[in-house]
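The values are calculated or read from the model by the stated rules, or taken from the named source; none is laboratory data. Fair warning: this is a prediction, and the values are worked out from it, not measured in the lab. Counting neighbours? That spans all protein chains shown, and the Cβs are built from the backbone with ideal geometry, glycine included. Each accessible area value is taken on the protein alone, full model and side chains, heavy atoms only, with ligands, DNA and RNA left out. Shrake-Rupley method; radii C 1.70, N 1.55, O 1.52, S 1.80 Å.
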Amino acid sequence: MKNEILLKQAIELLKEVNPDEIETIQINNAKYDDGSIGFSVELTYPAKGDTPER
């Protein structure tokens, strides 16, 4: 049940991301010797001093 909660939370966070505010997006894929796989998504926002005031 914990995995389901964490996955739902991650999906909701990603839905709320404004692509115009992201500096970089990185998706990592891994295949391990035991046959398992994994992936991660990393978002990097620019430093606060690098964004124009609204």
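What the table below lists for this structure:
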read-out	value
Among the residues listed as I22, I27, the single one being within 16 Å of the chain's Cα centre (by Cα) and surrounded by 10 or more Cβ atoms within 10 Å (Cβ to Cβ)	I22
Residue within segment 6-19 that is of a type outside the set (S, T, N, Q), in a loop (DSSP other than H, G, I, E, B) and either open to solvent by 90 Å² or more (accessible area, probe 1.4 Å) or modelled with pLDDT under 95 (or both) present	yes
Leading residue by the ranking (most open to solvent (accessible area, probe 1.4 Å)) among those in segment 30-47 that are free of Cβ contacts under 8 Å to residues at least 12 places away in the same chain and hydroxyl-bearing (S, T, Y)	Y32
